[in-house]
Amino acid sequence: MCTHWPPCPPADRSDHDAAMVVSAHPEQGWSLLCNGTIVFDDTGELLPDGRAVAPQRGMERTAR
C-alpha cells in the first residue's frame, strides 16, 4: 500500500502505528494509515486483517 520512501511499517509489526496518515476524519474520530490500519481517537485500532486492538488506557486516578 505504501508508495513513498522510506516505506511505512507494515500492519503486522509492533510499530505499525508509526505509518503515515493517508485519510484523516477528525470529525468522526478516526484516521486511515498508509499500511491499512484504522486508528481511533480513543487509541483503539482496527488492523487490515480485521483484528481489533483495544484502546490503551493509562492508570486510573482515584479520588482522595
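The values are calculated or read from the model by the stated rules, or taken from the named source; none is laboratory data. The model shown is predicted, which means the values in this text are computed figures rather than measured ones. When we count neighbours, we look across all protein chains shown, and the Cβ atoms used for this are built from the backbone with ideal geometry, even at glycine.
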So which residues in region 1-50 are surrounded by 12 or more Cβ atoms within 10 Å (Cβ to Cβ), at pLDDT below 95 and of a type in the set (S, T, Y), if there are any at all? T43
What number of residues within region 1-37 satisfy the criterion of being under 19 Å from R57 (Cβ atoms) and not in a loop (DSSP other than H, G, I, E, B)? 2
Listed by first then second residue, the pairs whose first member lies in region 1-14 and is closer than 12 Å to P48 by Cβ, whose partner is of a type outside the set (A, V, I, L, M, F, W, C) and not in a loop (DSSP other than H, G, I, E, B), with beta carbons under 7 Å and at least 6 positions apart or on separate chains, are P10/H16
